[in-house]
Amino acid sequence: MFHWLAVAQDQLFGEVIDMDDDAKVGKNTTAVKVGKLRAQQLLLVMSLCGMLVGYALLASMYLTTYYALDILLQVFPASKRWSSIQEYKLAIFKMQVMLRVVYMFYAWPNP
């Protein structure tokens, strides 16, 4: 269940990043069909579910902390620091990847 949530969230996040270009060429991705606001709300719900699964089913404070930070990045955006929404999304994506790499090196040796 956790892996499905993580893969679905990553896929939807990639679709949101490419949403404008996909709409121009006529791709029917989930983000294009439901719109930007609904896709971001769905990402938030997936993050909340990931946090709950990490806490309740996996009993992992590391996953819970990661998803709590991910939710904070989504709820309190600092998009005014970047000149365009694409730069903002790229910065958020890079922060999420860095958090995941740090988590991966910490969590794998500590089952």
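What follows draws every value from the coordinates through simple rules; no lab data is involved. Since this is a predicted model, take the numbers as computed values, not measurements. With ideal geometry, Cβ positions are generated from the backbone for all residues, glycine too; neighbour counts draw on all protein chains shown.
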Residue-wise HN-Hα coupling along segment 14-19, computed from phi with Karplus coefficients 6.51, -1.76, 1.60 (Hz; x: Gly, Pro): x, 5, 5, 4, 8, 4
Spin-label zone in segment 9-23 - amide nitrogen under 11 Å from a point set 7 Å from the Cα of CYS49 along the C-beta vector: 9
State, as an integer percentage, the relative contact order of the chain based on alpha-carbon contacts under 8 Å between residues 6 or more apart. 20 percent
Along principal axes, largest first, the alpha-carbon spread of the chain in whole Å comes out as 45, 30, 21
Computed FRET efficiency, Cβ-Cβ of THR65 and LYS24, R0 30 Å: what is it to the nearest 0.05? 0.20
Looking at the calculated P(r) for segment 1-50, what percent of the C-alpha pair distances fall above 14 Å? 48 percent
Surrounding net charge for CYS49, when Lys and Arg each add one and Asp and Glu each subtract one, Cβ distance under 15 Å: -2
So, with points 7 Å from each Cα along the Cβ direction, the GLU87-ALA8 label distance in nm works out to 3.5 nm
